[in-house]
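Below is one structure, written out as structure tokens; the observations come after it.
The values are calculated or read from the model by the stated rules, or taken from the named source; none is laboratory data. Not measured: the values here are computed from a predicted model. All Cβ positions, even for glycine, are placed from backbone atoms using ideal geometry, and neighbour counts span all protein chains on display. Areas reflect the complete protein model, heavy atoms only, side chains present, ligands, DNA and RNA absent. Shrake-Rupley method; radii C 1.70, N 1.55, O 1.52, S 1.80 Å.
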Amino acid sequence: MPHSPACDAPSTREVGGPLRLHCRKLCADHAWITPPAATMPNNTRTDPPSLHPSATVRWLLIVAGIVATALGVVGAFLPVLPTTPFLLVAAACFARASPKLDRMLVESKLFGPTLVEWRRHRSIPWRTKLVAIGLMSTMILISATWFVPLWWAKVLLVAVGVATGIWLWLIPSRDRPARTR
């Protein structure tokens, strides 16, 4: 399919694969269509993958993505760590470094729906947001009260928790229930 003059960016070739035309600014003619997964219908369109040109940077991104994924998995079972921010970091790293690892993460039954919601709509499900903020706040308060002896460490812990909670709260949720009075 030839490049449309209405698009802003030139067509590119996928690294190591067949010619796939797409535009950096998604348009109907050239949108990148991701492979179907259990959580994604066939017509899902996400940002086109753009692998980093440097092999060294790609390896560093893969390592950072693996560490972030590990922290996200630990955070799924320990309320001290929030899962969603680590998975968003991992997905960003894998998107720039490894299409295979990116696909594995996005197609996972446990973490895939949240990542798909983020990629499609730049939002986090309402229930996920409430659970994350609630568990994180509870564990930070318990930690600051009983387990952290130094006053400055308590202040730092609470400050990081409040900043993370505010950041999470400000991310939109498409499925947020309507307010009633």
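Worth a mention:
- The stretch 82-124, accessible surface, carbon-and-sulfur percent (1.4 angstrom probe): 63
- Accessible surface calculations at 1.4 Å, restricted to protein heavy atoms, place the stretch 40-181 at 63 Å² per residue.
- Total charge dipole magnitude, the stretch 71-181, about the Cα centre, Cβ charges on Lys, Arg, Asp, Glu only, Debye to nearest 20: 400
- Around R174: net Lys/Arg minus Asp/Glu count, Cβ-Cβ under 14 Å: +4
- Extension gain for F77 to A64 (0.36 nm times residue separation, less C-alpha to C-alpha distance): 2.6 nm.
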